[in-house]
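Report on the structure given below.
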Amino acid sequence: MHKFPINRNPARIDLDEYRATLTRSEVARPENNFYHWLLGTSWVSFLLLVIAVYLGANLLFAFAYLACGDGAITHAQPGSLLDVFFFSVQTMATIGYGRMTPVGSWPNAIVTFEAFFGIVYSALTTGLAFARFTRPTAGVRFSKVAVVGNHDGIKTLKFRVANDRSSHIVEAQLRLWLIAESRTSEGERYRRSVELPLHRSESPVFSLTWMAMHSIDETSALNDYLGNSAHNSSWHLLITFTGYHESLSNQVYARHVYLPRDVQQNATFIDIVTVSPDGGRVIDLSNFEKWVPNTSDRTAGEFL
């Protein structure tokens with residue numbers, strides 16, 4: 001029996017540095033940016049924002065009740081911010097214990113608006129949480145660096161991809177792009193995208209790990225950029241991953257960026273596959289990110 005002990009802690013892809021290379025001369029609609037931020041940010045940030053808005057709104061309503069003067073809320077201590085704050089919480093959540101009640105037109109008007117605000121806020125928060133839960137994610141990780149070394153005597157770029165979940169991704173596809181800044185003969189700047197062919201760009205079933213390779217021969221566009229200090233900051237590699245997730249029953253996507261400093265030349269990855277005494281293969285993902293200077297052509301294999 002084959003053994004495949006795999007670390008199931010996915011690594012979040014950080015594209016902040018990649019985004020920093022792109023700027024807009026015209027700002028997009030802020031409401032669209034904020035909505036996409038709410039969907040894409042971490043759960044910790046999302047929950048902290050929800051709690052902060054909830055507490056802040058209740059605090060504002062509490063100050064509004066205090067401004068109505070003593071006696072505006074029955075059974076509330078005169079001038080007590082804590083009492084009117086808890087009354088605001090009960091009103092926003094439409095709990096209505098019945099002990100504290102508003103007295104007068106202004107307090108009742110504030111209660112009316114707060115009850116409406118509470119319903120809308122609850123609906124929006126629930127909708128955003130549901131949208132985040134139902135959004136399919138690929139659950140794959142990419143090696144933090146790409147290496148350049150010999151493979152069968154040919155200079156080759158390599159990077160690793162791993163499936164962090166126990167389920168399978170069928171019809172998986174990898175694509176590698178070189179994004180570089182170029183100039184026309186007239187001196188105009190433009191960004192060009194060149195797809196770099198991989199040894200294996202598709203997999204019928206992606207279950208464990210994938211070593212992606214691109215041969216840097218005389219036809220490869222990378223020849224003009226690797227080792228050229230004049231282009232050290234004018235290019236990067238973009239990897240896209242697509243596939244159909246069996247458990248989610250949906251198409252999933254992932255992407256990763258390698259900046260020039262993330263490409264280690266004359267290096268090779270440490271093998272992540274060992275053979276046990278009974279002949280089974282053991283995949284050790286603790287070596288997933290490790291690489292060494294290239295002293296041999298040993299690799300873990302193009303596809304596992």
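The values are calculated or read from the model by the stated rules, or taken from the named source; none is laboratory data. On a predicted model such as this, the values are computed, not experimentally measured, just so you know. Counting neighbours? That spans all protein chains shown, and the Cβs are built from the backbone with ideal geometry, glycine included.
Among the residues of the range 207-221, what is the count of those that are under 26 Å from ALA162 (Cα atoms) and either of a type in the set (Gly, Ala, Ser) or free of Cβ contacts under 8 Å to residues at least 60 places away in the same chain (or both)?
Adding up the residues that qualify gives 5.
Pairs please, first residue from the range 142-153 and under 12 Å from ILE216 (Cβ atoms) and assigned by TED's automatic domain parsing to the domain that holds ARG175, second anywhere and in a loop (DSSP other than H, G, I, E, B) and aliphatic (A, V, I, L, M), Cβ atoms under 8 Å, 6+ apart in sequence or on different chains.
Sorted first by the residue in the range 142-153, then by its partner, the pairs are VAL148/ILE216; VAL148/LEU226.
Does the range 206-223 contain any residue that is more than 22 Å from PHE142 (Cβ to Cβ), modelled with pLDDT of 85 or more, of a type in the set (D, E, K, R) and not in a helix (DSSP H, G or I)?
Taking every residue of the range 206-223 in turn, at least one turns out to be more than 22 Å from PHE142 (Cβ to Cβ), modelled with pLDDT of 85 or more, of a type in the set (D, E, K, R) and not in a helix (DSSP H, G or I).
State whether the residues of the range 6-19 include one that is aliphatic (A, V, I, L, M) and either closer than 29 Å to GLU181 by Cα or at pLDDT 90 or above (or both).
Yes, the range 6-19 has at least one match.
Residues that are surrounded by 15 or more Cβ atoms within 10 Å (Cβ to Cβ) and of a type outside the set (A, V, I, L, M): which strands (runs of 3 or more DSSP E) entirely in the range 48-166 hold 3 or more of them?
Correct list: 154-163.
Name the pairs: first residue in the range 259-279 and without any contact (Cβ under 8 Å) to a residue 60 or more places away in the chain, second residue charged (D, E, K, R), Cβ to Cβ under 7 Å, at least 6 apart or on different chains?
If the second residue must be charged (D, E, K, R), the pairs left are ILE270/LYS290; ASP271/ARG298; VAL273/ARG281; THR274/ASP284; VAL275/ARG281.
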